[in-house]
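Only one structure is covered here, and it is reproduced in the block below.
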Amino acid sequence: MDTFVVAAIAVMVVGLVFNVVALRANPDRGPEERKAFAIPMMLASACYLAGASYLGIAILI
C-alpha cells in the first residue's frame, strides 16, 4: 500500500512540473506557443489521472 501512495505522490509531482512548464508558454502568441502550452497540459492531466488511480488502488488494497 505504501508503494502505491508514494508512486501516486511522485506522479502528481511530475504533473505539477508539467503544469509549470505549460503555464510558462503564452498560447496567445501563435501556433508554436499554443503547442508548447497544450502538450505539457495534456501530460499533466495524464499524470494527475494516473496518480488518482494509484491512490484508488492503494485505498482498495
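For the reader, a short list of remarks on this structure follows.
- Identity of the residue in the stretch 1-27, over 15 Å from L55 (Cβ atoms) and not hydrophobic (A, V, I, L, M, F, W, C), that ends up most open to solvent (accessible area, probe 1.4 Å): R24
- Residue in the stretch 1-50 that is modelled with the highest pLDDT, counting only those that are part of a helix (DSSP H, G or I) and among the acidic types (D, E): D2
- Residue within the stretch 52-61 that is part of a helix (DSSP H, G or I) and touching a Leu at 6+ places or on another chain (Cβ under 9 Å) present: no
The values are calculated or read from the model by the stated rules, or taken from the named source; none is laboratory data. Since the structure is predicted, the reported quantities are computational estimates derived from the model, not experimental observations. Cβ: placed from backbone, ideal geometry, glycine included. Neighbour counts: every protein chain shown. For the accessible areas, the whole protein counts, side chains as well, though only heavy atoms, and no ligand, DNA or RNA atoms are used. Shrake-Rupley method; radii C 1.70, N 1.55, O 1.52, S 1.80 Å.
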